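Trainee: Take a look at this one; I'll ask things after.
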Amino acid sequence: MIQQIAILGCGLIGSSWASFFASKGFRSKLYDIDTATCQRGTEQARENLHRLVELKSLPEEQLSDAISNLIPVHSLEELLGDCDYVQESVLEDYEIKAKLYRDMETFLPTDAIIASSSSGLLVSQMQQVLEYPQRSLIAHPFNPPHLIPLVELVPGKQTTVETLETVREFFLQLGKQPVLLKKEVPGHIANRLAAALWREALALLDDDVASLEDIDTALCTGPGLRWALMGQHLIYELGGGSGGYEKFIETIGCSFSSYWEDMQTWTQIPESAKKKAISGTTPLMEKRTREEWIAWRDEKLIKIQQVIEE
Ligand SMILES: NC(=O)c1ccc[n+]([C@@H]2O[C@H](COP(=O)([O-])OP(=O)(O)OC[C@H]3O[C@@H](n4cnc5c(N)ncnc54)[C@H](O)[C@@H]3O)[C@@H](O)[C@H]2O)c1
């Protein structure tokens with residue numbers, strides 16, 4: 001049974017995970033190789049909890065218990081000695097993760113689960129260095145994990161069905177939306193979809209088809225609204241009218257071939273696209289500060305989910 005959580009790496013994702021687990025009543029120790037980041041991450045997790053109360057996503061009477069669930073520690077030994085579940089959120093780099101995984105097993109109980117937040121690495125490669133690889137997998141969140149329900153669960157070659165099922169059950173109990181990958185691929189599901197879309201969003205900008213603001217507006221006021229409710233396959237099933245998905249594929253779907261033929265297929269972001277993208281967000285960042293955008297996003301994320309749950 002999972003009771004004690006270890007948050008390994010307290011940057012953007014680790015601190016958000018910590019607030020999520022703490023808000024669900026789990027004692028969560030936090031550790032980062034950089035002590036100042038561990039303090040900042042713990043502070044951020046506390047702020048997230050206050051914000052959840054403000055947004056009525058966490059009952060006020062649970063706030064002090066949730067805050068006391070956040071326990072910053074100073075060593076791997078303190079972090080791991082009594083833990084049941086590690087949520088690893090260190091830098092996206094095989095070498096850094098591999099060294100850490102080797103060090104971790106010195107202190108970790110042999111039956112504790114190791115879940116990596118990795119956005120796109122292959123877990124089979126990461127688990128090679130483990131003495132007990134069967135208890136490791138990827139549990140990839142979407143930023144910010146304390147607000148977005150999706151968790152992608154990816155087993156490696158050595159992950160047992162029991163580990164996968166335990167983690168799936170755990171996240172279901174906590175109100176998350178786990179999805180299972182049948183086989184590992186770089187980028188899992190959601191980031192591969194995001195990567196395909198992002199390349200085209202950059203290419204439209206680079207080819208001067210529209211401004212960055214209009215490209216983003218086209219996405220979030222059109223397909224983005226539907227995507228909060230249903231995925232691409234169901235959307236196009238409905239898009240085919242009474243003929244369903246088959247009709248859509250055979251009619252409108254066929255015309256997509258000419259779009260695909262016209263699209264970029266590069267695998268490195270061109271310098272010109274990079275420059276236009278970075279300078280293109282300036283007007284947006286003049287409308288609100290980064291903190292104001294994040295607060296705006298988080299408030300709306302909660303409201304959208306409340307509407308969907310209704
Ligand atoms: N940023 C995102 O949107 C996002 C979303 C989902 C998943 N992820 C994944 O989460 C992981 C972390 O990403 P992030 O954006 O939080 O990065 P980040 O740079 O904000 O945080 C990484 C933290 O890991 C710490 N760290 C590095 N080596 C360590 C070690 N040996 N021991 C302990 N701590 C160590 C660093 O000090 C840093 O604080 C990555 O695998 C990333 O792919 C990121």
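The values are calculated or read from the model by the stated rules, or taken from the named source; none is laboratory data. Predicted model only: the values in this text are computed from it and were never measured. No Cβ is skipped: glycine too gets one built from the backbone with ideal geometry, and neighbour counts run over all protein chains shown. Heads up: the accessible areas ignore ligands, DNA and RNA and are worked out on the full protein's heavy atoms, side chains in. Shrake-Rupley method; radii C 1.70, N 1.55, O 1.52, S 1.80 Å.
Trainee: Out of the residues in region 17-37 that are surrounded by 24 or more Cβ atoms within 10 Å (Cβ to Cβ) and of a type in the set (S, T, N, Q), state the one that is farthest from Glu78 (Cα to Cα).
Mentor: Once the filter is applied, the top-ranked residue is Ser23.
Trainee: With respect to Leu122, is the statement that it is more than 11 Å from the ligand (Cβ to nearest atom), crowded, with 16+ Cβ neighbours inside 10 Å and on the phi < 0 side of the Ramachandran plot true?
Mentor: Yes, satisfied.
Trainee: Answer yes or no as to whether Leu63 is closer than 29 Å to Glu165 by Cα, more than 16 Å from the ligand (Cβ to nearest atom), free of Cβ contacts under 8 Å to residues at least 40 places away in the same chain and not charged (D, E, K, R).
Mentor: No.
Trainee: So, in region 38-53, of the ones that are farther than 14 Å from Ile71 by Cα and more than 20 Å from the chain's Cα centre (by Cα), which residue ends up least open to solvent (accessible area, probe 1.4 Å)?
Mentor: Out of the qualifying residues, it is Val53.
Trainee: Is it true that Glu246 is touching a Gly at 6+ places or on another chain (Cβ under 8 Å), open to solvent by 100 Å² or more (accessible area, probe 1.4 Å) and not assigned by TED's automatic domain parsing to the domain that holds Pro149?
Mentor: Yes.
Trainee: I've got another one for you. Do we find that Ser136 is closer than 26 Å to Glu299 by Cα, assigned by TED's automatic domain parsing to the domain that holds Gln87 and among the hydroxyl-bearing types (Ser, Thr, Tyr) in this structure?
Mentor: It is false that Ser136 is closer than 26 Å to Glu299 by Cα, assigned by TED's automatic domain parsing to the domain that holds Gln87 and among the hydroxyl-bearing types (Ser, Thr, Tyr).
Trainee: Would you mind finding the one in Asp216, Asp206, Asp262 that is of a type in the set (Asp, Glu), touching a Pro at 6+ places or on another chain (Cβ under 7 Å) and modelled with pLDDT of 95 or more?
Mentor: Sole residue among the options that is of a type in the set (Asp, Glu), touching a Pro at 6+ places or on another chain (Cβ under 7 Å) and modelled with pLDDT of 95 or more: Asp206.
Trainee: Do you know which residues across region 268-284 are at pLDDT 95 or above and either open to solvent by 90 Å² or more (accessible area, probe 1.4 Å) or hydrophobic (A, V, I, L, M, F, W, C) (or both)?
Mentor: Result: Gln268, Ile269, Glu271, Ala273, Lys274, Lys275, Ala277, Ile278.
Trainee: Now a separate question. I want to confirm something. Restricting to region 127-145 and keeping residues that are within 14 Å of the ligand (Cβ to nearest atom) and farther than 17 Å from Tyr85 by Cα, which single residue is least open to solvent (accessible area, probe 1.4 Å)?
Mentor: Of everything passing the filter in region 127-145, Pro144 is least open to solvent (accessible area, probe 1.4 Å).
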